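Report on one structure; see the data block that follows.
The values are calculated or read from the model by the stated rules, or taken from the named source; none is laboratory data. Bear in mind the structure is a predicted one, so any value in this text is a computation, not a measurement. Here the Cβ positions follow ideal geometry from the backbone for every residue, glycine too, while neighbour counts run over all protein chains shown.
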Amino acid sequence: MSGNLVTFAVALLSSFGAAFAIQHLLQRNVAALLDEVVGLQAGTTFYSRVLGLSLYLAAAAAALGGTFDLKADARFMEYVWKVASVLSSTFLGQLLILLAFLTLMTVLVTVLRRRG
């Protein structure tokens, strides 16, 4: 198996692993916030799925957007740096998605909060 193929597989799995970890860490808190603010189970499910799908698509875009064209005599650290480059793109995309989602949640909480 080619070193470039192994590097791509590691980068793809690492990107999806990061997306899974972020979604898993946020899922319970986001669902509780949405249940409190929106009050609709369908709304909670929708926004939770949108967050997860966005994180996974950002991970896939970062991994598929990388170029894995190292020469056959490349050192091991060159492959490591290539994976790190893809993970950098992954984390940047996921950061932007989280910022957009945070903005959306702030607007929802501000507009739909219970007055009383």
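Quick notes on this structure:
- Failed item, numbered, when A19 is tested on (1) free of Cβ contacts under 8 Å to residues at least 12 places away in the same chain; (2) surrounded by 13 or more Cβ atoms within 10 Å (Cβ to Cβ); (3) of a type in the set (A, V, I, L, M): (1)
- Being under 16 Å from A100 (Cβ atoms), at pLDDT 90 or above and surrounded by 18 or more Cβ atoms within 10 Å (Cβ to Cβ) is a description that does not apply to A61.
- Take the conditions (1) free of Cβ contacts under 8 Å to residues at least 24 places away in the same chain; (2) charged (D, E, K, R); (3) loosely packed, with under 12 Cβ neighbours inside 10 Å; R113 misses just one of them, which is (1).
- Number of the condition not met by N4 [criteria: (1) surrounded by 13 or more Cβ atoms within 10 Å (Cβ to Cβ); (2) free of Cβ contacts under 8 Å to residues at least 24 places away in the same chain]: (2)
- Within the option set A9, A59, A74, A18, being farther than 30 Å from R113 by Cα, over 12 Å from the mean Cα position of the chain (by Cα) and assigned to a helix (DSSP H, G or I) holds for one residue only, A9.
- Selection over region 81-91 of residues that are out of contact with any helix residue (DSSP H, G or I) (no Cβ under 8 Å at 6 or more places or on another chain) and either loosely packed, with under 10 Cβ neighbours inside 10 Å or under 20 Å from A21 (Cβ atoms) (or both) gives a count of 3.
- Pairs where the first residue, in region 47-58, is without any contact (Cβ under 8 Å) to a residue 60 or more places away in the chain and closer than 15 Å to M105 by Cβ and the second is loosely packed, with under 13 Cβ neighbours inside 10 Å and hydrophobic (A, V, I, L, M, F, W, C), C-beta under 9 Å, 6+ apart: S54/A100
- Qualifying residue in region 69-80 (condition: touching a residue at least 40 places away in the same chain (Cβ under 8 Å), surrounded by 16 or more Cβ atoms within 10 Å (Cβ to Cβ), out of contact with any Cys (no Cβ under 8 Å at 6 or more places or on another chain) and within 30 Å of T7 (Cβ to Cβ)): yes
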